[in-house]
Amino acid sequence: MTNITIRELKPEDLDEYCGFLYVNFYGHEPVLQTSGDHKFDPDTAERRASRLAVIKQGLSLVAVDSSDGGRIVASAYASSKVPDDLEKSWNEVNEKKPTEFIDHVYLFLRGVEKRSNIFHHFEVCKALYLNILSVDATVRNQGLGRRLVAALIELGRSKGFPIIATSCTSWYSTRVMEALGMSCGYSENYSDYRDEDGNVVIKPPEPHTSVNIMAMNL
């Protein structure tokens, strides 16, 4: 994989990055593999604006293939977060009744992040938060995700972040984080989240049974 290099994800990459996510993240994210018509558009103008704001923080990385015109083949989309960010994200989804599947997903995930108390656990006031890790299907099982997160860890150290944290919705991403020295600070099973009628809503395929908040000191 000598033709693959890691660099910062830049604002001018936005179009390519959004297309990359559409194919390689949203099509494979375990939570979104729950059966049914989810009526979810992952590439709205609002989402693009939000992603651009995060990218401008200069904390996200991509792996690019120099033998294919510098095409993005993996990404670690990360941002700086403080306790109020998790509280705000939770309040935004909790103030309205979930009507679509994606509403339930966000309500569950934002709730897990809030309940993890990760900042209190590590006694810190900010964190480098890995929001999305995604690898192109054509280069998976080659250690690229691990390599990208390792680079992100070093970036976090160079920027003075006390910890790095991430919400792993996938069994595989949890294993990657463990291999890099992260530990699970909090976990909830998907089967424990139910709608107001008592029905389990989020049903990803095996072996994905829980969301795990992984973190480590930097």
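Bear in mind that the values in this text are calculations on the coordinates, not laboratory data. In this text, all values refer to a predicted model and were calculated from it rather than measured experimentally.
General remarks:
- Kirkwood hydrodynamic radius of segment 42-99, from inverse mean 1/r over distinct Cα pairs, in Å: 13.9
- Segment 157-218: equivalent-ellipsoid semi-axes (sqrt of 5 x gyration tensor eigenvalues, Cα, Å): 28, 13, 7
- Derived scalar couplings ³J(HN,Hα) [segment 41-55; Karplus, 6.51 cos²θ - 1.76 cosθ + 1.60; whole Hz; x for Gly, Pro]: 9, x, 10, 8, 4, 5, 5, 4, 4, 5, 5, 4, 4, 5, 4
- With N counted as the residues of the chain, its alpha-carbon radius of gyration over 2.2 N^0.38 Å works out to 0.99.
- Over 29 Å apart at the Cα level, from the set Lys56/Lys126; Lys96/Lys159; Lys10/Lys81; Lys126/Lys203, are Lys96/Lys159; Lys126/Lys203.
- Applying the Karplus relation 6.51 cos²θ - 1.76 cosθ + 1.60 with θ = phi - 60° to segment 86-97 yields 3J(HN,Hα) values of 5, 5, 5, 4, 5, 4, 4, 8, 7, 7, 10, 6 Hz, where x marks Gly and Pro.
- Debye intensity ratio I(q)/I(0), log10, segment 102-154, q values 0.13, 0.16, 0.29 Å⁻¹ (C-alpha model): -0.52, -0.73, -1.05
- For segment 67-209, the relative contact order is 28 percent, taking Cα pairs closer than 8 Å that sit 6 or more residues apart in sequence and dividing their mean separation by the residue count.
- Its residue count N sets the reference 2.2 N^0.38 Å, and the alpha-carbon radius of gyration of segment 29-69 equals 1.65 times that reference.
- Inter-centroid distance (Cα atoms) of segment 27-49 relative to segment 55-126, Å: 15
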